[in-house]
Amino acid sequence: MKILIFLIAVVLLLWLLRKGTRKGPSAAPPPPGPTAEVQPMLACAQCGVHLPRDEALPGRGGVFCGEPHRAAYEQAHPDR
């Protein structure tokens, strides 16, 4: 009986040690490598939403988040 309790204790201890050394899905992802390019964020002249420079649409009076906002701004401000 003593041997059985001893074996259960050893197996439980090994299981706890093994569980503590595993890396789970909660591990933080690695930082982006040197290939990740940081882009400045620009605000849409119509609604103020910030978006990366490569996704912004240029137009009269600034940059825009989409064609509908560019058209609405240019229609509301024909002199610019």
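Each value in this text was obtained by applying a stated rule to the coordinates, not by laboratory testing. None of these values were measured; they are calculated from a predicted model.
General observations
- Potential lengthening of the chain between Glu67 and Asp54 amounts to 3.2 nm, from the contour at 0.36 nm per residue minus the alpha-carbon distance.
- Anisotropy class of the range 40-80 from Cα gyration tensor, a/c 1.5 cut: prolate
- Under Karplus coefficients 6.51, -1.76 and 1.60, residue-wise ³J(HN,Hα) of the range 65-76 in Hz, glycine/proline x: 7, x, 4, x, 6, 5, 5, 5, 5, 5, 6, 6
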